[in-house]
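Okay, structure first, notes after.
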Amino acid sequence: MSAVSFGARARIVIVGAGFGGLAMGSALRRAGIDDFVIVEKGQDVGGVWRENTYPGCSCDVPSHLYSLSARPYRNARTRHPSQAEILDYLRDFTAAEGLRPHLRLGTALTGAHYDDSSGTWTLTVTGGGEYLAETVVFAVGQLHRPFRPDIPGLDSFGGAAFHSARWDHSVPLAGRKVAVIGTGSSGAQLLPHVAAVADQVTVYQRTPHWVLPKPRAEFGPVLRRALAVPGMHSVYRKALYYGADLTLTPLLRGGWSAGLAERIARTHLRREVPDPALRAALTPGHPIGAKRILFDSTIYRALQRDNVELVTDPLRRITADGIETGGGRHRPHDVLVFATGFRASEFLTPITVRGRGGALLGERWRTAPDAYLGLAVPQFPNLFLIAGPNSFISTGSNPEIKERQIAFILKCLRWQEESGLRAIEINPVAASRYRQWLQGRLDRTVLGADVPSWYKNADGAVTNPWPASARQFARMTATHPAESFHAVQLSRCTC
Ligand code: N01
């Protein structure tokens, strides 16, 4: 752990060194602002791409969309980068953008407290250290708190049990009976790799997912030749960006592309799975887009291997040596893999954040986390979020959305500097208008459909996805902050 002196000062503290935090740091440096630190709980940069090391972990979004515009990731060979490639990209990005001296690794933020009289944030970190900062930017992501369902008997299990995002590489799988619980993006990616080595794999599926075929990983010769032409990488990126926006966003509203995507998914399922009983078990009943769509061309084949069994009965309890499902059937297992997702709607948990007048963020977010453009909350001056509530785009490029938020935050910082405003925060009227607009949009989409997904909190409020197009997000973040933010007066110091 890096030592933090009591009361170390930094103009800006960024929390998290994943895509968002690194992009924020790079944008600050490029804007000539060097007085910032990036605190990171892990021992390396990379965020979820450092944490997820399960076999087969890769990106199902094309690399041209899954990189930062300051240094686009341009692999002329592979369309979809592996976890190791993305982690390397982020490490290289850190070095090339001069971010290493700003990093405080092994430093987990535990609390953030705004002082009304000085307009500064006191940030407490593990080990008892503190930072005093004018501005704090949370870039902690949405998918980093593993969720493990509370299945009775888990503690009694005698074998190895771990979550997909905490892969235990010391546990051999060869020759063993493995249970894979969960069939989301992580479960789908790891299953073929686990099935290739394990003796027997049982896949426990609660809800079938819609699966669209993933294009070949390697570019074909024509595209490879085209991408060799100078400037073609950005043309290709733009084509992907607009293509995804124009075709995938209407899907959320049940528009023309929903029918088309469903037909493609059904054809893919029919071609890959000849057995009608298995096909029925894999056919989703929810509207396409209500849960994140899987882009995958390997899971159906893996499910039909001789050593793989799909179980759709509900999990009843875990025993010392296996799993019992509804109906009383018991299957023996040596290893349990929980590909059961993340507590995504908890956002800044477990960090305690107190804003103006002692307002507690956890209290405000008790029913449902909310933030203006996913980046600002009333009563929390000079506090910004990257990838905050309702700013995950399920139909496009998340690095792009984060960069839009960062550009807006930079405008706020510039505006403050030029106007001599010590503290600014989102105007409650603007925040409430935005919430109404957002709710109206959400109500017109399939995102709130009655199906379990990490898009919603325990009360069923849709807290994570952005319900409109990437271009809409670009338009809304293109505004000047003076239109929605206001200056906050510092209270007189009574000390
Ligand atoms: O998690 P998930 P994930 N009993 O929440 C099941 C990103 N990502 O880690 O569908 C039984 O999607 C649950 O069942 P159900 C991406 O954004 C990106 O797979 O809720 N089963 C589901 O099948 C993705 O969406 C990449 O009924 C239970 C599974 O566990 C997000 O991460 C790659 C259960 C959880 O699926 C999360 O994906 C990988 C229970 N009690 C991930 N509780 C890229 O390539 C849960 N489940 C960019």
* Test each condition in (1) surrounded by 20 or more Cβ atoms within 10 Å (Cβ to Cβ); (2) under 23 Å from the mean Cα position of the chain (by Cα); (3) not basic (Lys, Arg) for TYR114 and report the one that comes out false. => (2)
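Against the definition (within 13 Å of the ligand (Cβ to nearest atom), closer than 20 Å to ILE323 by Cβ and either over 28 Å from the mean Cα position of the chain (by Cα) or surrounded by fewer than 17 Cβ atoms within 10 Å (Cβ to Cβ) (or both)), how does ARG206 come out, yes or no?
yes
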* Structure fact -> Within the range 456-495, the count of residues that are of a type in the set (Lys, Arg) and part of a strand (DSSP E or B) comes to 1
* Asked: Are there any pairs with C-beta distances below 9 angstrom linking a residue in the range 241-260 that is outside any helix (DSSP H, G or I) to a residue that is of a type in the set (A, V, I, L, M, F, W, C), with the two at least 6 apart or on different chains, and if so which?
  -> ARG253/VAL446; GLY254/ILE288; GLY254/VAL446
* Of residues in the range 172-184 being in contact with a strand residue (DSSP E or B) (Cβ under 6 Å, 6 or more places away or on another chain) and within 16 Å of the ligand (Cβ to nearest atom), the one nearest to ASP313 (Cα to Cα) -> ILE181
* **Scope the range 290-306; condition closer than 17 Å to ALA188 by Cβ and either in contact with a helix residue (DSSP H, G or I) (Cβ under 6 Å, 6 or more places away or on another chain) or not hydrophobic (A, V, I, L, M, F, W, C) (or both); matching residues** => LYS291, ARG292, LEU294, ASP296, SER297, THR298, ILE299, TYR300, ARG301, ALA302, GLN304, ARG305
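Of the residues HIS169, HIS233, which is surrounded by fewer than 15 Cβ atoms within 10 Å (Cβ to Cβ), more than 16 Å from the ligand (Cβ to nearest atom) and either at pLDDT 95 or above or part of a helix (DSSP H, G or I) (or both)? Explain how you work it out, then say what you get.
Working: HIS233 fails: surrounded by fewer than 15 Cβ atoms within 10 Å (Cβ to Cβ).
HIS169 is the lone residue from the list that is surrounded by fewer than 15 Cβ atoms within 10 Å (Cβ to Cβ), more than 16 Å from the ligand (Cβ to nearest atom) and either at pLDDT 95 or above or part of a helix (DSSP H, G or I) (or both).
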* To do: Return only the number of the condition from (1) surrounded by fewer than 17 Cβ atoms within 10 Å (Cβ to Cβ); (2) in contact with a helix residue (DSSP H, G or I) (Cβ under 6 Å, 6 or more places away or on another chain); (3) free of Cβ contacts under 8 Å to residues at least 60 places away in the same chain that VAL273 does not satisfy.
  => (1)
* For GLY141, which of the numbered conditions (1) closer than 26 Å to GLU403 by Cα; (2) among the small types (Gly, Ala, Ser); (3) more than 21 Å from the chain's Cα centre (by Cα) fails to hold? -> (3)
* Asked: Of ALA31, ALA27, ALA84, which residue is surrounded by fewer than 22 Cβ atoms within 10 Å (Cβ to Cβ), hydrophobic (A, V, I, L, M, F, W, C) and within 16 Å of the ligand (Cβ to nearest atom)?
  -> ALA84
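Would you mind finding the one in PRO399, PRO389, PRO381 that is part of a loop (DSSP other than H, G, I, E, B), touching a Phe, Trp or Tyr at 6+ places or on another chain (Cβ under 7 Å) and more than 20 Å from LEU438 (Cα to Cα)? Break it down stepwise before answering.
Values: PRO399 fails: part of a loop (DSSP other than H, G, I, E, B); PRO389 fails: more than 20 Å from LEU438 (Cα to Cα).
Only one candidate qualifies: PRO381.
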* To do: Report, by residue number, each residue of the range 287-318 that is assigned to a loop (DSSP other than H, G, I, E, B), out of contact with any strand residue (DSSP E or B) (no Cβ under 9 Å at 6 or more places or on another chain) and charged (D, E, K, R).
  => LYS291, ASP306
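With ALA258, ALA226 as the choices, which residue is in contact with a Gly (Cβ under 9 Å, 6 or more places away or on another chain), outside the structural domain of ALA470 (by the TED database) and over 17 Å from SER397 (Cβ atoms)? Step through it out loud before you land on a result.
Values: ALA226 fails: in contact with a Gly (Cβ under 9 Å, 6 or more places away or on another chain).
Step by step, each of ALA258, ALA226 is checked, and only ALA258 is in contact with a Gly (Cβ under 9 Å, 6 or more places away or on another chain), outside the structural domain of ALA470 (by the TED database) and over 17 Å from SER397 (Cβ atoms).
If a residue has to be among the charged types (D, E, K, R) and at pLDDT below 95 to count, how many in the range 78-114 make the cut? Before the answer, list the steps.
Within the range 78-114, the first condition is being among the charged types (D, E, K, R), and the residues that meet it are 79, 85, 88, 91-92, 97, 100, 104.
Then drop every residue that is not at pLDDT below 95, which leaves 79, 85.
Looking only at that region, the number is 2.
Of these, ALA188, ALA161, which one is touching a His at 6+ places or on another chain (Cβ under 8 Å) and not in a loop (DSSP other than H, G, I, E, B)?
On the way: ALA161 fails: touching a His at 6+ places or on another chain (Cβ under 8 Å).
Sole residue among the options that is touching a His at 6+ places or on another chain (Cβ under 8 Å) and not in a loop (DSSP other than H, G, I, E, B): ALA188.
Pick out the one residue from LEU410, LEU421, LEU447 that is under 24 Å from the mean Cα position of the chain (by Cα) and farther than 30 Å from GLY255 by Cβ.
Details: LEU421 fails: under 24 Å from the mean Cα position of the chain (by Cα); LEU447 fails: farther than 30 Å from GLY255 by Cβ.
Result of the check over LEU410, LEU421, LEU447: LEU410.
Being assigned to a helix (DSSP H, G or I), assigned by the TED database to the domain that holds ARG414, without any contact (Cβ under 8 Å) to a residue 40 or more places away in the chain and under 20 Å from the mean Cα position of the chain (by Cα) narrows it down to one of ASP88, ASP92, so name that one.
Numbers: ASP92 fails: under 20 Å from the mean Cα position of the chain (by Cα).
After ruling out the rest, the residue left standing is ASP88.
The values are calculated or read from the model by the stated rules, or taken from the named source; none is laboratory data. Everything numeric in this text was worked out from a predicted model, so none of it was measured. A quick note on method: Cβ atoms are made from the backbone with ideal geometry, for glycine too, and the neighbour counts reach across all protein chains shown.
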